Amino acid sequence: MAARNKKAADGSDCDRFAAEELTEQAAAFIIRGSTDTARAFLEEALARETGSVRARVCKALAMIQAGDFAAALAMAEKVLEATPDCGTAHVARGYARGKMGDLEGARRDFGRGEECYPDDYRVPYNIACFWGEAGDEEECLRYLERALAIAPPNFSGAVARDPSFAGVRDKSWFRDIVARARERVASKPAP
């Protein structure tokens, strides 16, 4: 990874911007199932911006993907201590709780995540990922529909590739969601 910057000559915080970019790249690797690569990007992001809430939440999601549910739960709880209204941290905590067998705790956290961030497509998307992995097609579909309703146009690629949906990828309702998401991309006007 590139050497760490402190501040640019114009006073902008290069580390903060670099951490944001590294975190976005890590999120893309999480979606692809490349947990080790995601973790490397997140470690660099957190080295640059130790207080990055987004990087810490992504790190919790990478830990979940790697099967380290207790560490993910601890990371999400640490974020929530500092930022109790972080919807994505509530979802990460719920995801970890659900993976550890506490479905009621997961549902509470998922609900709290939606209350905190009602317009952030990543909240229902990650909840859909959990239910997809859990094999609950009805809940997976419900949350994917919510995510699609508020997601940016490039959302289709994430849905089509995410390993969380391996168990439902052959279902007609899932293929329909991917097709509708792709239609949104195709119908987006050129800049």
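Just so it is clear, none of the values below were taken in a lab; they were calculated from the coordinates. Computed from a predicted structure; not experimentally measured. Here the Cβ positions follow ideal geometry from the backbone for every residue, glycine too, while neighbour counts run over all protein chains shown.
Of all aspartates and glutamates in the structure, those lying under 17 Å Cα to Cα from Lys99, and not within fewer than 8 positions of it along the same chain, are Asp68, Glu77, Asp109, Glu133, Asp136, Glu137, Glu139.
Computed 3J(HN,Hα) for the stretch 104-117, one whole-Hz value per residue from the Karplus formula 6.51 cos²θ - 1.76 cosθ + 1.60 where θ = phi - 60°, is 5, x, 4, 4, 4, 5, 4, x, 5, x, 5, 5, 6, 10, glycine and proline marked x.
Taking the Cα centre of the stretch 65-191 as reference, the dipole from Cβ charges on Lys and Arg (+1) and Asp and Glu (-1) amounts to some 460 debye.
Once the C-beta distance of Thr37 and Asn154 is scaled by a Förster radius of 22 Å, the resulting FRET efficiency is 0.60 to the nearest 0.05. Here the relative contact order of the stretch 18-186, from alpha carbon pairs under 8 Å that lie six or more residues apart, stands at 16 percent. Label positions at Arg142 and Ala82, each projected 7 Å from the Cα along the C-beta direction, are separated by 3.3 nm. Each residue, Arg107 and Val53, gets one label point 7 Å from its Cα in the Cβ direction; the gap between the two is 2.7 nm. Computed packing ranks the peptides 80-87, 163-170 as 163-170, 80-87, most packed first, by mean other Cβ atoms within 10 Å.
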